[in-house]
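The block underneath contains the structure these notes are about, expressed in structure tokens.
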Amino acid sequence: MERKHLWINGKWVEGKRYEPLHSPYTGEVLAEIAQATEEEATRAIEGAHAAFQKFKNTPAHERARILANAVQLLEQRKEEAARIVAAEAAKPLKAARSEIVRTIQTYQFAAEEAKRIYGERIPMDAAIGGEGRIGFTMRVPMGVVSAITPFNFPFNLVAHKVGPAIASGNAIVLKPAEKTPLSALFLAELFQEAGLPDGVLNIITGLGPELGPVLNTHPLVKNITFTGSPRVGKEIRKLAEFRKVTLELGSNSALIVDEGIDLDAIMDRVVEGAFSYNGQVCISIQRIYVHRSLYDAFLEKLVERTKRLVIGSPFDEQTDITAVINKDSLDRLAAWIEEAVQMGAKVASGGTVEGPILTPTVLTDVPHEAKVIQEEVFGPIVSVMPFDSLDEAISRVNASRYGLNAGVYTRDIHRAFTCVQEIETGGVLINDIPTYRLDHMPYGGIKDSGTGREGVKFAVMEMMEEKFVSFHWR
Ligand code: NAD
């Protein structure tokens, strides 16, 4: 069995302890993964800090070149990368391949952003007493960035941390999800080959609760970037004290389908938004509010289309739906369906457990208080509710502790702008599903969905300080 070690200061370091990594689909052991200790995490942080002293002065064109080299190397190995995602995350190959295409773009954006980091000229003489001075800001890297990532996009969400960190001249200690460490470890030698100096990227594997405290409190860590569940985000925020923190957390994303919409034209997108990667996407469609005039037709088409999804192995080219990430998740999802049914919901499609798979589930008549509405489902379950007035739909969308993306299909520009104005989320997508993200878009949530923004340019800004300079020249 292959043993995967820790990547510290440009070298593989043997761990003191290893844990097996299981395929979510077959249960087979894929590799033995080193479980970093606090001491090893500290070494990685100290190594990153030492590497930063030199890397912070590396010119932008050089940082851009390293990232561009990584783009090329990943391009050459993209099928291998997609198969790693399919194996460890049980992501159907079609979706795994598209994640790698996005990852390559994310690093490409990072290569470009490295050359576009600007400050601002401040007109000092706008204030009495500011005469004779030139004021400007400079964006400067912060030092060691601590990055903790989730399992669901193990390449691209890592790229949203590693790309901006390199672009901005920071050093990084990455702790990938324990469920999907192989995708992150794949990057270690790839970036070394791309020319990244040793110590700028360190990858330590292991459990969050064990490594979180040191990664979030070590005095040399200056910036924390976390993508994952709101529960962990809250803990990190508490530990972080005065550090700058970016939290990209979960949601229970909603879609509004207004009157007069051509349902056939949107149904493929709706099904994709609800069920791609088994709904294990932070902006997966979880709640759909449909204008009452379209409700019956919408439900019929959604169920018909959902039943056509192909269930199977992640390695089968046709597969749409496969194993959810683990048994705990499967049990939780089944229990939440059961709770909704107890509260009066009806199962219009799916709802059955087949081995490690939950069949794609459409629920109706779901009370607003049910967990499948209130909490983040993060699985292949979608609930469909009718509405009569747009105000009612918007207030339902907003009656959530989350606020990441919302989608609205409408033909009426006035109603579209009402949604833009009134919906409380980080992003509003008009005539699209909420499950829409391009990697250079500003992306992030409000309320319990997080703080700060990613999207390469925005993540670069999160990882830099704005230093002010006043130059008294006459
Ligand atoms: P998770 O919160 O369980 O784990 C995420 C990471 O945090 C893992 O690396 C894990 O090891 C680590 N972790 C766990 N406990 C920790 C602790 N106490 N201290 C520090 N780190 C700890 O999330 P997950 O199950 O891997 O991913 C699913 C979640 O991620 C969902 O809530 C989803 O919405 C969210 N997510 C958000 C975005 C976004 O951009 N907003 C994108 C993808 C996923």
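Does Thr418 meet the test of being more than 16 Å from the ligand (Cβ to nearest atom), touching a Leu at 6+ places or on another chain (Cβ under 7 Å) and either farther than 22 Å from Ala265 by Cβ or of a type in the set (Val, Ile, Thr) (or both)? Talk me through it step by step, then tell me what you get.
Numbers: more than 16 Å from the ligand (Cβ to nearest atom): yes; touching a Leu at 6+ places or on another chain (Cβ under 7 Å): yes; either farther than 22 Å from Ala265 by Cβ or of a type in the set (Val, Ile, Thr) (or both): yes.
It is true that Thr418 is more than 16 Å from the ligand (Cβ to nearest atom), touching a Leu at 6+ places or on another chain (Cβ under 7 Å) and either farther than 22 Å from Ala265 by Cβ or of a type in the set (Val, Ile, Thr) (or both).
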Exercise. Look at segment 132-155 and say how many of its residues are closer than 28 Å to Thr227 by Cβ, away from the ligand (no atom under 16 Å from the Cβ) and among the small types (Gly, Ala, Ser).
Key: 1
Quiz prompt | Qualifying positions in segment 307-331 - assigned to a helix (DSSP H, G or I), surrounded by fewer than 17 Cβ atoms within 10 Å (Cβ to Cβ) and touching a residue at least 12 places away in the same chain (Cβ under 8 Å) | solution = Lys307, Lys327
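Each row is one residue, and each column tells you yes or no for (1) free of Cβ contacts under 8 Å to residues at least 12 places away in the same chain; (2) among the polar types (S, T, N, Q); (3) more than 26 Å from Val397 (Cβ to Cβ); (4) not assigned by TED's automatic domain parsing to the domain that holds Asn152.
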residue	(1), (2), (3), (4)
Gln421	yes, yes, no, yes
Gly426	no, no, no, yes
Ile430	no, no, no, yes
Ile433	no, no, no, yes
Tyr436	no, no, no, yes
Arg453	no, no, no, no
Val456	no, no, yes, no
Met461	no, no, yes, no
Glu465	no, no, yes, no
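State whether the residues of segment 277-288 include one that is away from the ligand (no atom under 16 Å from the Cβ), closer than 21 Å to Gly407 by Cβ and assigned to a loop (DSSP other than H, G, I, E, B).
Scanning segment 277-288, I find no residue that is away from the ligand (no atom under 16 Å from the Cβ), closer than 21 Å to Gly407 by Cβ and assigned to a loop (DSSP other than H, G, I, E, B), so the answer is no.
Mind listing just one residue for me: the one in segment 207-254 that is part of a loop (DSSP other than H, G, I, E, B) and more than 8 Å from the ligand (Cβ to nearest atom) and, of those, surrounded by the most Cβ atoms within 10 Å (Cβ to Cβ)? Walk me through how you get there before you give the answer.
Within segment 207-254, the first condition is being part of a loop (DSSP other than H, G, I, E, B), and the residues that meet it are 207, 218-220, 228-229, 241-243, 249-253.
When the remaining residues are screened for being more than 8 Å from the ligand (Cβ to nearest atom), the result is 218-220, 241-243, 252-253.
Numbers: His218: 19, Pro219: 8, Leu220: 16, Glu241: 9, Phe242: 6, Arg243: 16, Asn252: 25, Ser253: 33.
So the residue we want is Ser253.
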Quiz item: Within the set of pairs 6 or more residues apart or between chains, which connect a residue that is more than 24 Å from Ile166 (Cα to Cα) inside segment 222-251 to a residue that is aromatic (Phe, Trp, Tyr) and more than 6 Å from the ligand (Cβ to nearest atom) with Cβ atoms less than 6 Å apart?
Solution: Ser251/Tyr402
Quiz item: Can you tell which of Thr352, Thr361 is within 25 Å of Met267 (Cβ to Cβ) and either modelled with pLDDT under 95 or touching a Pro at 6+ places or on another chain (Cβ under 7 Å) (or both)?
Solution: Thr361
Quiz item: How many of the residues making up segment 436-467 are in a strand (DSSP E or B) and in contact with a helix residue (DSSP H, G or I) (Cβ under 6 Å, 6 or more places away or on another chain)?
Solution: 2
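Yes/no per residue for (1) farther than 20 Å from Leu333 by Cα; (2) at pLDDT 95 or above; (3) touching a Lys or Arg at 6+ places or on another chain (Cβ under 6 Å); (4) not assigned by TED's automatic domain parsing to the domain that holds Ile357:
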| site | (1), (2), (3), (4) |
| --- | --- |
| Gly260 | yes, yes, yes, no |
| Ala265 | yes, yes, no, no |
| Arg269 | yes, yes, no, no |
| Tyr277 | no, yes, yes, no |
| Gln280 | no, yes, no, no |
| Ile283 | no, yes, no, no |
| Thr306 | no, yes, no, no |
| Phe315 | yes, yes, no, no |
| Gln318 | yes, yes, no, no |
Practice problem: Pick out, from segment 126-187, the strands (runs of 3 or more DSSP E) lying fully within it that include 3 or more residues that are in contact (Cβ under 8 Å) with a residue 12 or more places away in the chain and closer than 19 Å to Leu201 by Cβ. | Solution: 144-148, 171-175
Quiz item: Which one of these is crowded, with 24+ Cβ neighbours inside 10 Å, in contact (Cβ under 8 Å) with a residue 24 or more places away in the chain and more than 16 Å from the ligand (Cβ to nearest atom): Leu363, Leu390?
Solution: Leu363
Quiz item: Under the condition of being within 26 Å of Ala399 (Cβ to Cβ) and in a helix (DSSP H, G or I), which residue from segment 256-266 is farthest from the chain's Cα centre (by Cα)?
Solution: Leu263
Quiz prompt | Scan of segment 428-459 for residues that are touching a Phe, Trp or Tyr at 6+ places or on another chain (Cβ under 8 Å), more than 11 Å from the ligand (Cβ to nearest atom) and of a type in the set (Phe, Trp, Tyr), ordered by number | solution = Phe458
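The values are calculated or read from the model by the stated rules, or taken from the named source; none is laboratory data. Remember, predicted model here, so these are calculated numbers, not experimental data. Backbone-built Cβ (ideal geometry, glycine too); neighbour counts: all protein chains shown.
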